[in-house]
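For reference, the structure discussed in these notes is given below.
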Amino acid sequence: GARGRVNYVILFNSFNIIMNKPIIGITGDIINDVCSIKIFYANSIEKAGACPIFLPPLSSKNLIKIIARAIDALLISGGGDIPPGFYGEKQITKLNLISDKRFYFEKKLLKEIMTLKKPVLGICYGMQFLNVFQGGTLYQDLAMQLPDSINHKSEHKIKIYNKSKLYYILNNDNIRVNSSHHQGLNKIGKGLMVSAYSQDNVIEAIELKGYPYCLGVQWHPERFSSIYSKK
């Protein structure tokens, strides 16, 4: 509903609360030699009072260190599917794989960002990446591996753990989310806690314990950014 959609923008605006006009780096992929990042992420960050910067997948360790120092927070955007080999599994179904360049860039960049204790937000693929980065695994296809799961390619309700950072940000333990994913978290990565579930017990949000701000959400708060501009 409308209340839940307003909450999506509060999630983005939380960056502005913890930092003063931060520069937010946004990762994306390379598709047919084009750096691909949907504009919704930049629009939402701008409306939250921060400065968005698109980050192309680079390989230079020195440049990655420069990027990590230059930005105030990192947003790992949505995208395709992580190659199962990166979490120790064989591919069992047809997948829309991200490029290896994206995965290795984000892995190196996130390591630098975490060394600096800077804020991290992962959205959809970004949440799945955070889990794999911490040693977790994924369901390659929910409909195939969890046949009793709901349709995660449509809007549905989630339950938020009331002692999580996500609850503190949204001040709500039940919201509706705009879901559009076919994969989900299986084994949870080291140091992560689950902060939200859908009604079929599929994980909808995670947080890194003991870290100032590292949050992953399985839905797309950036797609409702227009709500913020009307407040």
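The values are calculated or read from the model by the stated rules, or taken from the named source; none is laboratory data. Keep in mind that what you see is a predicted model, and the values were worked out from it rather than measured. Note: ideal-geometry Cβ built from the backbone for every residue, glycine included; neighbour counts use all protein chains shown. We work out accessible area using only protein heavy atoms, side chains counted, and drop any ligands, DNA or RNA first. Shrake-Rupley method; radii C 1.70, N 1.55, O 1.52, S 1.80 Å.
For the stretch 139-231, GluC sites (Glu not before Pro) are listed when DSSP marks them as loop and at most 16 other Cβ atoms sit within 10 Å of their Cβ; the list is Glu155.
When you restrict to C-alpha pairs under 8 Å that are six or more residues apart and normalise by the size of the stretch 154-202, the relative contact order lands at 49 percent.
Taken along the Cα-to-beta-carbon direction at a fixed 7 Å, the label points for Asn96 and Asn162 span 3.8 nm.
For the stretch 16-83, averaging the sequence separation of C-alpha pairs within contact (under 8 Å, six or more residues apart) and dividing by the residue count gives a relative contact order of 46 percent. When the chain is treated as a GNM with alpha-carbon contacts under 10 Å, the residue of Asp200, Asp173, Asp29 showing the greatest mean-square fluctuation is Asp200.
Both radii were evaluated on the Cα set of the stretch 104-158; the Rg over Rh quotient, with Rh as the Kirkwood radius, amounts to 1.08.
The Lys107 and Lys209 beta-carbon pair, evaluated with R₀ = 25 Å, returns a calculated FRET efficiency of approximately 0.80.
Counting protein heavy atoms only, the chain has 53 percent of its accessible area on carbon and sulfur, 1.4 angstrom probe.
If the segment from Asn178 to Cys35 were pulled out straight at 0.36 nm per residue, it would be longer than the present Cα-Cα gap by 49.0 nm.
The slack between Leu116 and Ser59, meaning 0.36 nm per residue of separation minus the straight C-alpha distance, is 18.6 nm. Shape index of the chain: Rg/Rh, with Rg the Cα radius of gyration and Rh the Kirkwood radius from the inverse mean 1/r over Cα pairs, equals 0.93.
Evaluated on the stretch 121-225, the Kirkwood hydrodynamic radius is 13.6 Å, with distances taken between all distinct Cα atoms.
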